[in-house]
Structures are given as C-alpha cells and as structure tokens.
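The structure under discussion appears below in the form of structure tokens.
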Amino acid sequence: MKHRIAIAILGSLVLLSSCGVESPVLPEPYFYQGFLDRGWAQYAVGNFSNAQGTGALDYFKDAIDCNVQGIEGFVGAGWSALFVSDEWRLADNYFYMGIQLDAGAFPMMNPSESQVQDTMWTVFECLHKDLPPAVLDPILELTADSGIVWVADSIENIIDDDPIPYRFQPFASDPIAMFIAANGFSGTNSVVDSIVGGMIYLTTPQAVMDVGGDDYYVWINVDDQINYTFRTFTASGNETQYSYDALAGIVMLQDIRGENGDPLLGAAAAWGLDQLNSDYAFGLGKDYVGLETISNVQLKGTAAAVAYANQAFMYAWFTCVSEGYGTSLNPADPGFVVQLMAVIEEMLNS
C-alpha cells in the first residue's frame, strides 16, 4: 500500500512539472574570487556603488560574506568606501580588519597620558640653548620645595619671554604622531616640533599666572601636570602588501572625512607605512596593481595636510622635511604658514 501511494505522488509531481511550469534560472555563482574580480573591475571604471548592487563596494561586501577571513575583500571594500560618503564610517572598520587578518594585530594605539614635571627635569628635559646644566641645576636645587613659585621667575631674566624647547618620553612605547601637550596648571598648549627616537620634542610658550596677587612666569613648571594624546605604531613583522594598502587607505580616509576624521590616526598611518615600506606602490604584486597611483611622498603630504588643518604647523613641517621638502623654510618668517601650505601642495601633486 505504501509503495502505491509513493508511486502516485511521484506521478503527480511529474504531471505538474510538465504543465508549463518553467525551471527557475539560477544566477551564476561567483564565489569569493569571482566577487573580488568583479569588484576591482568596477573599481577600475569608477563604479563604486549603485542601486542595482553591482558596484565595486557591493561586490566586495559579497566577497566578505563569502569569506570573512579573506583579506583582500576588506581592503577592496575600504578603498571603495572612500568614494561613497555614506560608507565612510565603515571604511575604518574594513581597513582595520584587513590589517588585523594580514598582520595578526592592528599596529596603532591611541594612548592618552599625563605626566608631572619633576624638580630635576628627569621627566621633561629643557633644551634651551641659554640654559645649560651649569645654569639650570643650581636654580632647580634652590626651588625644589617652592611649589608654584618656581624656576620660571628665576630664569625669565635669562631668556626673557622666549618659548622654551623641551623633550620628554611618553610612558607608552613607539610614539609616532602627536600634535600638542596641554599644561593642566597654566592652561597653555605646547606644540610638538618633532618625534625622534621615541622622544617628543615640543616648544612651550611663556604664560603669566596671578598667584596670591603676584605674577609668576610659567612654561612647564615643577609639579605641573601635562596631558597629551598621541599614536603609537608597533609592527608585527607579518605585514604584507595588503597591510600597506590598508594603511594608505587610512591616511586618505582621515583627510577625506575632514573635521570628522582622526588626524592623529592619519599621520600615524603615513609614518608607519613609511617605516614598513619606504618605496610603497598601491597593489604591488596583486591583481589590482596600478588602480591607484600614490606614493609615500603623497601620503606624507596628506599627513602634513591633516596636521596643518589642526594648526599643528611644526609637526606638519617636520613631516614634510622627512621627505626632503620644505627644508629651507624658517618658522620665524612671517610667511611661514603660507609657505608651508605651498610645500604640502607640492608633495600632494608630486
């Protein structure tokens, strides 16, 4: 009985299938590599996203859905998202995942720290040319317990009101991008001149504080708290071209996003990429090689531009000089800021 029922059911299915019902036409399966190929093909012609879901970003998202461990899908999605403003907020995530999968760790961290100036300059070291140790040490010994009435009043007559250059080392290792350090006591900001060998070089302006009805000259003082935010860069040693391209994309993204970008991240990515590959070229050795023409000089120029936009003019100049540009500029020149912009434009157009 069961066999007869089964035969009857099969027979009815055969009859139904022959009653004019057409077989569905299934789309060709592209799989991971197929989506990558179509993504880069659309990227090459400038079709980054469309309502039909056949733009570069759309295909790269499909590639990620096919293989969440596929590095190239995230790199392609990140670069495509640069051209789709509604996707900018996700571009950082794409680049992050690409580097994480490729290198095993994201190399950049965003520390915020505070340090307190100690009495003998062992934390913040004064580099002023007119204050060698023979001058400074006796003053410091006399002011060790002076509190807010400190060395600035003793040295003001030596250096007048000149800004004082300092250097210090953050607690976190490998600092690579920083714009300012804020004095929590006087409220003044010290601009970063350069970062060399893990040391932060900065210039601190003079300020005058009213304490108990008396004026005191201050720069970075004994017991003052200095607050700062910076970026570190620690490579894993496993970075490949995918990480290089993702870092380059991070630089471009922070500039594109303007005031909504992370300028320190953009600067750190440019400096970090330069450390990893000083002869960077987009897509080298990959199927998408040559789809972008961008060099380390242009990326450093972009990093200088985001620093400039945040009025970190000295750090921007330092970034230009690292590529051999703007070496003849003089910060004391009244036209320095305008000249610096011209140098940055030259780098961007190189």
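Taken together, the values in this text are just the output of simple stated rules run on the coordinates, not laboratory data. Since the model is a prediction, treat every value here as computed from it, not as a measurement. Positions of Cβ are generated from backbone atoms using ideal geometry, with glycine treated the same way; all protein chains shown enter the neighbour counts.
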Self-check item: CD proxy at 222 nm, helix term only [per DSSP H run n ≥ 4: -39500 (n - 2.57); per residue of the chain; nearest 500]
Solution: -14000 deg cm²/dmol
Exercise. Quote the relative contact order of the stretch 112-233 in percent (integer), defining contacts as alpha-carbon pairs under 8 Å separated by 6+ residues.
Key: 35
Quiz item: What's the extension gain from ASP137 to THR293 if we count 0.36 nm per residue and subtract their Cα-Cα distance?
Solution: 50.7 nm
Quiz item: Considering the stretch 62-137, what Rg and Dmax in Å follow from its alpha-carbon atoms?
Solution: 23.1, 68
Quiz item: Considering the alpha-carbon set of the stretch 112-233 alone, what are its Rg and its Dmax in angstrom?
Solution: 14.0, 46
Quiz item: What's the FRET efficiency of GLN69 with LEU348 using the Cβ-Cβ distance as r and R₀ = 41 Å, to the nearest 0.05?
Solution: 0.70
Exercise. For a footprinting-style exposure proxy, rank ARG231, ARG167, ARG89 by other Cβ within 10 Å, fewest first.
Key: ARG89, ARG167, ARG231
Quiz prompt | Estimated FRET transfer efficiency (ASP86, ASN227; beta-carbon r; R0 41 Å; 0.05) | solution = 0.70
Quiz prompt | Highest-fluctuation residue, ASP333, ASP223, ASP62 considered, GNM on the chain with Cα pairs under 10 Å | solution = ASP333
Quiz item: Could you give the angle, 0 to 90 degrees to the nearest 10, between helix 263-276's Cα long axis and the longest principal axis of the Cα atoms of the chain?
Solution: 80
Self-check item: Sorted by Cβ neighbour density within 10 Å, fewest at the top, the residues TRP219, TRP271, TRP88
Solution: TRP88, TRP271, TRP219
Exercise. Sort 186-196, 289-299, 128-138 for me by packing, meaning the mean count of neighbouring Cβ atoms within 10 Å per residue, highest on top.
Key: 186-196, 289-299, 128-138
Exercise. Return the distance in nm (one decimal) between the two label points of a simple spin-label model at PHE31 and PHE185, each offset 7 Å from Cα along Cα→Cβ.
Key: 6.8
Quiz item: In the calculated pair distance distribution of the chain, what percentage of Cα-Cα distances lie above 27 Å?
Solution: 58
Quiz item: What residues have an amide H closer than 5 Å to that of PHE124, excluding those fewer than 5 places away on the same chain, when H is modeled at 1.01 Å from N in the peptide plane?
Solution: ASP118
Practice problem: Run the numbers on the stretch 232-350 and let me know its relative contact order in percent, using alpha-carbon pairs under 8 Å that are six or more apart. | Solution: 22
Quiz item: So, in nm, how far is label ASN93 from label SER278 when the simple model puts each one 7 Å beyond its Cα toward the Cβ?
Solution: 3.8
Exercise. With everything on Cα atoms, drop me the angle between helix 296-309 and the longest principal axis of the chain, reported from 0 to 90° to the nearest 10.
Key: 60
Quiz item: Fewest to most neighbouring Cβ within 10 Å: what's the order for SER173, SER322, SER243, SER112?
Solution: SER112, SER173, SER322, SER243
